[in-house]
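Just so it is clear, none of the values below were taken in a lab; they were calculated from the coordinates. On a predicted model such as this, the values are computed, not experimentally measured, just so you know. Methodologically, a virtual Cβ is constructed for each residue, glycine included, from the backbone with ideal geometry; neighbour enumeration extends over all protein chains shown.
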C-alpha cells in the first residue's frame, strides 16, 4: 500500500482492524456503518479471515463473545439502534472479562431515529452499555488518521485489560474521506492469553469463561476486582488533545466530529481576539478528568459542543466540580452544529469579542 | 476535451470521486451552452452526494434529478421516476452520478437496455491511484468486471481522477499519467479525461479537466 491513501473513515477502520490482526468479524448491516461490513466482506476472505453476516445484532455479538473466548482478535460494528440490540451481549463479554472491539458509528435516535450523524449515544457508551456494574474503554477519533490509530489502540487495550473496547465514531467520520496512512503496529508487549478456551489437550486444567456466579459474595469479589482494574485504567489511560489552551480563558470541550466544527470556531474566535482553547477528549471513558481539572483554575467558563441534547456536559461539570459555569452549544437528531453557531455562543458567554 | 454525449455516466470504485466529477462535468456542459441535467442515482451513500450541490447547480440553470429520499432519514435505495427523462428530453444532456462499486452500479441496470438503444452514451470509469483497491491496474480491472456484471453496461472510457483530497500535489497528478496509461492498456479503453483541482495550475496531462471541489466540508466556516 502507498504511503498515503485516500479512505473513508469506515473503510479505514475496517482496514486498520485487519492490520491489527483481527481475522474475525461478525455483524449486521446498518447505515451509516455499512461500509465497515462491506469492506470486510470483500477483504477478510483474501487474508483467510472470517466475515460473517449474522441473522441479527444479538447473534453477532454472541459470536464475538465466542471468538473472544477462544483468544482471537474479534470485532463487530453497528450504528446506534444496532448497538442497543448488542447491549446484552456486551454486558456478558464484560462479565466474562473478554477482550473485544465494538464499533458504534452513531446516528440519530432514540428509537429508529434517523441515519444522519449524531453523538447522542454518549451516555450509553460511557455508562457501561448494558446491565450490571461495568465499564468499557471508549475511544473517540476525530480524523480518519485517528480512526486508524485508535483502532490499533482499541485491540491492544482490549487485550491488555481483558475488557470490551468501544470505538465511538459517528456518521460524519464514517462517511468522510481523508488522506491517511497505516502504522506498522503499536509496538506494545501484550500478555499471553493463557485464559483462552482453546482445548486442554489433556495437558492443563480447564479454562472456564463464564459470567454466572453461584454465590453472591463470589460475584461481589469479581466485580470489585474489576473495579480495581478500572481505577488503574482511569489513572493511566486518560487521553485528550489540548488545542490553543496556553492562555485560554474559555475552554471548549468537544470530541469526534463536533470537535472538528469547534476547532474552526476557535480559530475564528482567536482571530477576533478572544482567548479560547479546546480540550478534546480522545478517551471518553476514562474521561480526561485530570485535563479538565487542570484547566478549571484558568477557565472563566467551559463550553461543550455536542451533537446531542448535552450528555458529555455532565462529565465536564463533574470534572470541574461545578466550580465554573459549563455551557452547551448543540444540535441533535442528525443536524450538524455550525462553526458560526459555536462562535456566536462563545461571544455570548464571554460578553462579546475583545 | 472529450466530445459531449447525450448521456454521460460516471461510474467506478467507491470513493473515487464520481459525484464531484459529475457535478463539475455538468457545469462544464452548461458552459458549452448545452441544456444540462444532473441525475443523482447514488443508492449507496446516505450523505455526501451530488444532490448536496443542488442549490449551486440550480442557480446555474442545471436541472437536478435525485431520489426524493436522498439526504433524508428514509434509508431506501429508491430511484427517481424522472430519471427516464434522460432518454426522452429532447436536446438535453444528462450527466449520471452512480453509486460506487457493483452495489452502486446496480441502479443503472434498470436502464441498460434503453442505454444500449440510445447509442449516444458514454460511461466513464473514474479511477484514483490513491484508493487502495484501485492502486494497481489489476485492482481496477476487478472493479470494472464487477460493475459491468452488475449494471450490464460497458465502460467506454477512463477518467483519471487521482487525488489525495486536500493533500493533493501537482506531482501526484503528473505521476498518475503512467498509472492511467497502464490501466488503459490493461482494460483496452482510452483515457478521455485527467481531472485535477484547478488551483494546482495548468498541468501538461492528457485531456486535462480542471475541477473545483463542490462539496464543502460541513465543519468549516
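Cα centroids of region B:111-130 and region A:1-29: how far apart, whole angstrom?
After rounding, the separation between the Cα centres reads 30 Å.
Distance between the C-alpha centers of region B:151-221 and region A:89-120? Whole Å please.
For region B:151-221 versus region A:89-120, the Cα centre distance is 38 Å.
With each pseudo-label sitting 7 Å past Cα toward Cβ, what's the residue A:190-residue A:133 distance in nm, one decimal?
2.8
Pop the C-beta distance of residue B:213 and residue B:31 into the FRET formula with R0 = 25 Å and round what comes out to the nearest 0.05.
Given R0 = 25 Å and the Cβ-Cβ separation, E is 0.90.
Helix-derived [θ] at 222 nm for chain B: sum -39500 (n - 2.57) over DSSP H runs of at least 4, divide by residue count, nearest 500?
-10000 deg cm²/dmol
Sort the following peptides by mean Cβ neighbour count (other Cβ atoms within 10 Å, averaged over residues), highest first: A:209-222, A:89-102.
Descending mean neighbour count gives A:89-102, A:209-222.
Any idea how far apart residue B:185 and residue A:56 come out in nm if each label point goes 7 Å out from Cα toward Cβ?
Each label point is offset 7 Å from its Cα along the Cβ direction, giving 5.5 nm.
Within a 10 angstrom radius of each residue's Cβ in B:124-135, how many Cβ atoms of other chains show up on average? Whole number is fine.
That average works out to 3.
In deg cm²/dmol and to the nearest 500, what is the mean residue ellipticity at 222 nm of chain A if only DSSP H runs of at least 4 residues count, each as -39500 (n - 2.57), divided by the residue total?
Taking each H run of at least 4 residues, the total per residue is -12500 deg cm²/dmol.
Taking the Cα atoms only, what angle lies between the long axis of helix A:80-95 and the longest principal axis of chain A, rounded to 10 degrees?
For helix A:80-95, the angle is close to 60 degrees.
For region A:175-286, what are the per-bin percents of Cα-Cα distances with bins 10 Å wide, up to the bin holding the maximum?
For region A:175-286, the binned pair fractions read 10, 21, 25, 20, 14, 8, 2, 0 percent.
If R0 is 56 Å, what FRET efficiency do you get for residue A:309 and residue B:203 from their C-beta distance, rounded to 0.05?
Computed FRET efficiency for residue A:309 and residue B:203: 0.70.
Looking only at other chains, what is the average number of their beta-carbon atoms within 10 angstrom of each beta-carbon in B:43-51?
That works out to 4 on average.
Assuming 0.36 nm per residue, please report the length gained on full extension of the stretch residue B:114 to residue B:3 beyond their Cα-Cα distance.
So the chain would gain 37.9 nm between residue B:114 and residue B:3.
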